[in-house]
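The values are calculated or read from the model by the stated rules, or taken from the named source; none is laboratory data. Treat the numbers as computed from the prediction; the structure is a model and nothing was measured. Glycine also receives a Cβ, built like all others from the backbone with ideal geometry; neighbour counts cover every protein chain displayed.
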Amino acid sequence: MKRIAIIGGGISGLSAAFALEEQRRAGVAVDYVLFESSPRLGGVLVSERVDRCLVEAGPDSFLTEKPWAADLCRKVGLGDQLIGSNDAQRKTYILVHGRLTVMPDGLMFMVPTKILPTVFSPLFSLGTKLRMAGEWFHPPHQADGDETVADLVTRHYGPEMVDRLADPLLSGVYGGEACGLSVRAVLPRFAEMEAQHGSLGRAMLLARRKLAPAGGVPPRPLFTSLKDGMQQLVDALLARLATASLRPDTPVESVQIQSGGWLISAGDGTDHFDGVIVATPASAAAALLDIASPDLAAGLRGVGYTSSVTLTLGYDRNVRAALPPGFGFLVPRSEGRRMLAATFVHNKFPHRAPQDRALIRCFLGGARDEAILLLSDQEIVATARRELRDILGLAAEPQFARVYRWKGAMAQYGVGHLERLERIETRRRQVPGLALAGNGYRGIGVPDCVRSGADAAADLLARLGLGSALSAQVQQRA
Ligand SMILES: Cc1cc2nc3c(=O)[nH]c(=O)nc-3n(C[C@H](O)[C@H](O)[C@H](O)COP(=O)(O)OP(=O)(O)OC[C@H]3O[C@@H](n4cnc5c(N)ncnc54)[C@H](O)[C@@H]3O)c2cc1C
């Protein structure tokens, strides 16, 4: 019997545990123990019921085009609980000079693919519109190495596009900025399109035509979630894992290689394992692996993290009637606000708020505002309410407010991230019986984390001489 320790009980660690549990039930001679420092499992996936509303503290959904989270939901019996975003209401605004300006139709991520809506949109100045027209003739360009998203976007559309779209879109996903994030890691398709076609606009249009669903087939919703919130996935996973294998409230203090295996010190005890999956943020993994492999730890330390705060405010039916339609708005840095974005939850996922409630979820923090964590809950609520009043004219008293702080939870894929990953991977392979999972490596979204956990389990089983079927899956993906 091989024993595996999983460190970190977020979705990455739980996905790894589930993959091992499936193997255990299939008769593979493996057992596992999952250590989580906080008293609850699930990491940043937390859903709460407040005043008949469903409040998401961390992720509220995941991208439909990445299948791994939805696949896991189906495996744990939640197939009939999957829901799509209400894309009929999909409209996003950008705050420009204090006013909400709708994002024009045809923008794919930030690339314009429809001429008329872009030409008539007040979102861009005449200068940027002229650059967009010229971008159509951009020659193919093979960058020498990695660069920031801002570098690439500026080359094609100019700095206004970085400020008004690239930055706000990226801060919504990474809590990071276009001038700090790697094109190759964050938007690899952009780099490929530029190298192959030159113009991103032409390349996107071609890709869109290829991907257009056959006649009569409705397009899939952009986001997928669960009827009762993301917490449902955590609860369903926990119901399928062996309770005796789960150790919440047990921070791992040290891991050491010993007698061809691993000695893990956690809580009050020390235990021996054949392999270990470290599924914490890369920064925490670095601290744990410093003794086992200082070089690996140095590589892991290079993956940066930012912090964020989500705040959900619940309002009555009058506010709901007065709010604009659509999914919400993004705030460029040049607007000088602390709020990065706000979601009108009652429009994006209507069943999460009854008809007589409005639910606004605000994002704050990110790469430039770590200091937000120093504010009290009251100060955060007051800041958000002041900004909502300026932006939406919303002065009403909320019926409830919930603040959630996520310190160092969002990985930042800086320039050179892929090369750093190669170095990390080389070092990791030199350490026997070690696998890594989490959002610090090959994708920050929930589906990527689910995949990273399953892949780490498969890789480790293969290294321990078990689980050939799973390792074939991983090799196929690689
Ligand atoms: C506010 C917010 C909103 C987001 N929105 C979305 C979204 O809408 N869609 C989407 O796809 N993604 C979203 N993400 C990203 C995604 O949710 C995360 O990247 C993902 O859930 C991370 O999962 P994880 O298991 O890798 O890490 P975590 O959830 O951070 O879990 C890591 C766990 O490791 C534990 N740990 C650390 N050190 C130790 C130790 N020494 N011993 C034991 N345990 C330890 C921690 O306590 C933690 O529970 C969002 C993230 C945040 C923070």
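A few remarks follow.
- A single member of ALA286, ALA266, ALA244 is without any contact (Cβ under 8 Å) to a residue 40 or more places away in the chain, out of contact with any Gly (no Cβ under 6 Å at 6 or more places or on another chain) and crowded, with 19+ Cβ neighbours inside 10 Å, and it is ALA286.
- Tallying residues that are among the basic types (Lys, Arg) and within 26 Å of the chain's Cα centre (by Cα) within the range 135-177 yields 1.
- For the residues ALA292, ALA285, the requirement of being within 30 Å of VAL403 (Cβ to Cβ) and among the small types (Gly, Ala, Ser) singles out ALA285.
- Listing of helices (runs of 4 or more DSSP H) fully contained in the range 31-141 that carry 1 or more residues being farther than 18 Å from CYS449 by Cα: 115-120, 126-135
- Matching residues in the range 419-445 - criterion: being away from the ligand (no atom under 15 Å from the Cβ) and touching an Asp or Glu at 6+ places or on another chain (Cβ under 7 Å): ARG427, GLY433
- Test: residue in the range 382-401 that is surrounded by 15 or more Cβ atoms within 10 Å (Cβ to Cβ), polar (S, T, N, Q), farther than 18 Å from GLY9 by Cα and within 15 Å of the ligand (Cβ to nearest atom): no
- Residues satisfying the stated conditions in the range 254-308, i.e. on the phi < 0 side of the Ramachandran plot and among the hydroxyl-bearing types (Ser, Thr, Tyr): SER254, SER265, THR270, THR280, SER283, SER293, TYR305, THR306, SER307, SER308
- The range 1-23: number of residues that are touching a residue at least 60 places away in the same chain (Cβ under 8 Å), more than 7 Å from the ligand (Cβ to nearest atom) and not in a strand (DSSP E or B): 9
- Taken over the range 272-316, residues that are hydrophobic (A, V, I, L, M, F, W, C) and over 27 Å from the mean Cα position of the chain (by Cα) amount to 3.
- Just one of the listed residues (SER47, SER38) is closer than 30 Å to GLU253 by Cα, within 13 Å of the ligand (Cβ to nearest atom) and either crowded, with 23+ Cβ neighbours inside 10 Å or of a type in the set (A, V, I, L, M, F, W, C) (or both), and it is SER47.
- Taking the criterion of being surrounded by fewer than 24 Cβ atoms within 10 Å (Cβ to Cβ) and over 16 Å from ILE7 (Cα atoms), the residues of the range 429-457 that qualify are ARG429, GLN430, VAL431, PRO432, ARG442, GLY443, ILE444, GLY445, PRO447, ASP448.
- Flag for VAL474 being within 25 Å of TRP68 (Cβ to Cβ), at pLDDT below 95 and in contact with a helix residue (DSSP H, G or I) (Cβ under 6 Å, 6 or more places away or on another chain): yes
- Condition met for SER307 (away from the ligand (no atom under 14 Å from the Cβ) and either modelled with pLDDT of 95 or more or within 26 Å of VAL30 (Cα to Cα) (or both)): no
- Just one of the listed residues (VAL111, VAL102) is in contact with a strand residue (DSSP E or B) (Cβ under 7 Å, 6 or more places away or on another chain), touching a residue at least 24 places away in the same chain (Cβ under 8 Å) and of a type in the set (A, V, I, L, M), and it is VAL102.
- Selection from the range 17-33 of residues that are in contact with a Ser or Thr (Cβ under 6 Å, 6 or more places away or on another chain) and either surrounded by fewer than 18 Cβ atoms within 10 Å (Cβ to Cβ) or of a type in the set (A, V, I, L, M, F, W, C) (or both): VAL33
So that you can scan it fast, the table gives a plain yes or no per residue for (1) among the basic types (Lys, Arg); (2) in contact with a Pro (Cβ under 7 Å, 6 or more places away or on another chain); (3) more than 22 Å from LEU222 (Cα to Cα):
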residue: ILE6; (1), (2), (3): no, no, yes
residue: GLY13; (1), (2), (3): no, no, yes
residue: GLU65; (1), (2), (3): no, no, no
residue: TRP68; (1), (2), (3): no, yes, no
residue: GLY79; (1), (2), (3): no, no, no
residue: LEU82; (1), (2), (3): no, no, no
residue: SER85; (1), (2), (3): no, yes, no
residue: ARG90; (1), (2), (3): yes, no, no
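- Tabulated pairs, the range 60-79, first of a type in the set (Val, Ile, Thr), second part of a helix (DSSP H, G or I) and modelled with pLDDT of 95 or more, C-beta under 7 angstrom, 6+ apart or interchain: VAL76/ALA236; VAL76/LEU237; VAL76/ARG240
- Residues satisfying the stated conditions in the range 96-113, i.e. more than 23 Å from the chain's Cα centre (by Cα) and of a type outside the set (Gly, Ala, Ser): VAL96, HIS97, ARG99, LEU100, THR101, VAL102, PRO104, ASP105, PRO112, THR113
- Test result for GLY366, touching a residue at least 12 places away in the same chain (Cβ under 8 Å) and within 20 Å of the chain's Cα centre (by Cα): yes
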